[in-house]
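**Q** So that we are looking at the same thing, I have put the structure below in structure tokens.
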Amino acid sequence: MHITSHAGITLELLSTSLHGAFDENESNPPPNILWLMMDGCRPDALGCYGTPWAHTPHIDQIAARGVCFKNATTQCPVCVPSRNSMKTGHYCHEIGKMYSGEKPDITPPYAATAKDYPNLLNHWTNRGMRPVNLGKSSAFQKDWDQKADLPARVSSRRHDSDKYYAPVSLTTYGWQIGGTQDIHVDDTIEGVLTDQALDVLKSFADQGTPFFLRISYQPPHVPIQVPPPFMLELDAVNLPFPNKQILDSKPRFEREQLRIYSGTLDLSEHALRVARATYYGMVSMVDYFIGKLMDALNMLGLMDNTLIAVNSDHGQALGENGLHKKRSFYDPVIQAPLIISWPGHLPQNKLITEQVEMLDLIPTFMDIAGMHIPETLSGKSLLPLMLDKETTGREVTYAEIDYSGSMYQPLRENSGRRVMARTRDWKLDYFNDPRVPGKDGALYNLTDDPWEHHNMYCDPACRDVIEELEQCIHDWDHV
């Protein structure tokens, strides 16, 4: 295997509007942008990613009318740093934000070189289009027109179903990861948010001016619960179950600390089935609301000139390696769905398998809108890839997290910054921090072991692979 290090990967950005649909110096307005975001949605929760038990017909239709990225890496497996990275187009170590919690007890080395970077959405503000955010925000709240989540409506149950399940919770912190809630779907927080979004879309249509609207749904973030009609059958989800033998080969930090934070080995198979059926049902519930938004776009005459993007800040583990939730580098956590659709301007029903990163999203919006993309960004436009003007994505993608800044004490001790490099075939993650003795690494062959059950970090035959990926991380870290 030979890998070109990050320093050798082409990161030049399209600084002109050659590929963009509009020129910022012309009078033509840019397209409307409707950015639909979830929290903790893994790619296989959507049917368009080939999952037979995922029921997401409306998102699948968006993908059929656009471009679906199969391998999109998020830059941090936790919400706020990931969203900061997306909105600045920079990696977490560049902006000094890679934890969600309290400051580390010892200042991390990357803090010395971190810089403040502007919110890329200011480019729309400078053109007279102040972006509007509905729902969960996180990062750069002052740069948006904000409407936060509203409480659920009080409702009595308005449906008949035998799919009622008691809550399933993780042990240490009691997070609910499964079970049903006795409320009509339209009265949930997500239902109230969608009604609010429909009113905002109507006001945009009445004004007749371009808009940038992000609707940020909390699901499938904990608490994971759904109205019974959206609950999947318990035997519908076909994912591997964890066992202690799988966990034994994992890094120390994972066996001892992540296991305390979100381990699932103490859950019964039935409880894990309930949790998984609820999770996929929760994404299906979001799809139901997205269907309402699509109907509104059509009814208001906004569909033809609206670019629609669907993504998530990160994914979610569902116990495949004995862990639940986030904060790990397994593919179901560090990969997220990414769909971009604008029929008549972008290809339809196109699947891109090249590797991309989630910090590429807003530079892509900018390119499509004909805006100048700063050459200093780490993110780059995906438009050339969508239009076949480029045929290769990123050879290596990267992610990172600083556990020493966690809000959860079991993760703060004996920990620090952990980094990941991923190619098509291999993934390496380890502690890259002088505050942590030893690398405590993990290496997975993604071709032969897609569920990442077998840690090959200590296999002598893999030393060349490890050295090449470590060199990639070194170059990426010092650009």
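**Q** Out of region 151-181, which residues are at pLDDT below 70 and basic (Lys, Arg)?
**A** Answer for region 151-181, where residues must be at pLDDT below 70 and basic (Lys, Arg): Arg157, Arg158.
**Q** A further question follows. Quick check: is even one residue across region 464-471 touching a helix residue (DSSP H, G or I) at 6+ places or on another chain (Cβ under 8 Å) and at pLDDT 95 or above?
**A** Checked against the condition, which is being touching a helix residue (DSSP H, G or I) at 6+ places or on another chain (Cβ under 8 Å) and at pLDDT 95 or above, region 464-471 yields no hits at all.
Residue-by-condition table, conditions (1) under 30 Å from Lys202 (Cβ atoms); (2) modelled with pLDDT of 95 or more; (3) acidic (Asp, Glu):
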{"residue": "Glu269", "(1), (2), (3)": "no, yes, yes"}
{"residue": "Leu272", "(1), (2), (3)": "no, yes, no"}
{"residue": "Tyr280", "(1), (2), (3)": "no, yes, no"}
{"residue": "Asp295", "(1), (2), (3)": "yes, yes, yes"}
{"residue": "Met299", "(1), (2), (3)": "yes, yes, no"}
{"residue": "Ile308", "(1), (2), (3)": "yes, yes, no"}
{"residue": "His314", "(1), (2), (3)": "no, yes, no"}
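**Q** Here's another thing I want to ask about it. Pick out, from region 179-271, the helices (runs of 4 or more DSSP H) lying fully within it that include 3 or more residues that are within 24 Å of the chain's Cα centre (by Cα).
**A** In region 179-271, 189-207, 259-262 are the helices (runs of 4 or more DSSP H) which contain 3 or more residues that are within 24 Å of the chain's Cα centre (by Cα).
**Q** Go through region 389-422 and count every residue that is closer than 20 Å to Ser82 by Cα and β-branched (Val, Ile, Thr).
**A** Final tally of qualifying residues: 4.
**Q** Consider Val200 against the criteria (1) free of Cβ contacts under 8 Å to residues at least 40 places away in the same chain; (2) farther than 17 Å from Tyr279 by Cβ; (3) not hydroxyl-bearing (Ser, Thr, Tyr): it satisfies all of them except one. Which criterion is unmet?
**A** With respect to (1) free of Cβ contacts under 8 Å to residues at least 40 places away in the same chain; (2) farther than 17 Å from Tyr279 by Cβ; (3) not hydroxyl-bearing (Ser, Thr, Tyr), Val200 is out only on (1).
**Q** Of the residues Thr278, Thr353, which single one is out of contact with any helix residue (DSSP H, G or I) (no Cβ under 8 Å at 6 or more places or on another chain), among the polar types (S, T, N, Q), within 30 Å of Ser249 (Cα to Cα) and in a helix (DSSP H, G or I)?
**A** Matching residue, one of Thr278, Thr353: Thr278.
**Q** Identify the residue in region 384-424 that is outside any loop (DSSP other than H, G, I, E, B) and β-branched (Val, Ile, Thr) and, among all such residues, is nearest to Asp360 (Cα to Cα).
**A** Thr397
**Q** Condition first: without any contact (Cβ under 8 Å) to a residue 40 or more places away in the chain, within 30 Å of Met294 (Cα to Cα), surrounded by fewer than 24 Cβ atoms within 10 Å (Cβ to Cβ) and among the aliphatic types (A, V, I, L, M). Can you find one or more residues in region 356-377 that meet it?
**A** No: zero hits.
**Q** Scan region 331-344 residue by residue and report those that are more than 14 Å from Ala309 (Cα to Cα), outside any strand (DSSP E or B) and modelled with pLDDT of 95 or more.
**A** Asp331, Pro332, Val333, Ile334 - these are the residues of region 331-344 that are more than 14 Å from Ala309 (Cα to Cα), outside any strand (DSSP E or B) and modelled with pLDDT of 95 or more.
**Q** Return yes when His478 is surrounded by fewer than 22 Cβ atoms within 10 Å (Cβ to Cβ), modelled with pLDDT under 95 and of a type outside the set (Ser, Thr, Tyr) and no when it is not. Break it down stepwise before answering.
**A** Numbers: surrounded by fewer than 22 Cβ atoms within 10 Å (Cβ to Cβ): yes; modelled with pLDDT under 95: yes; of a type outside the set (Ser, Thr, Tyr): yes.
Yes.
**Q** How many residues does region 413-432 hold that are surrounded by fewer than 22 Cβ atoms within 10 Å (Cβ to Cβ) and either of a type in the set (Ser, Thr, Tyr) or at pLDDT below 95 (or both)?
**A** 3
The values are calculated or read from the model by the stated rules, or taken from the named source; none is laboratory data. Just so you know, these numbers come straight off a predicted model, no measurement behind them. Heads up, the Cβs are rebuilt from the backbone with ideal geometry, glycines too, and the neighbour counts pull from every protein chain shown.
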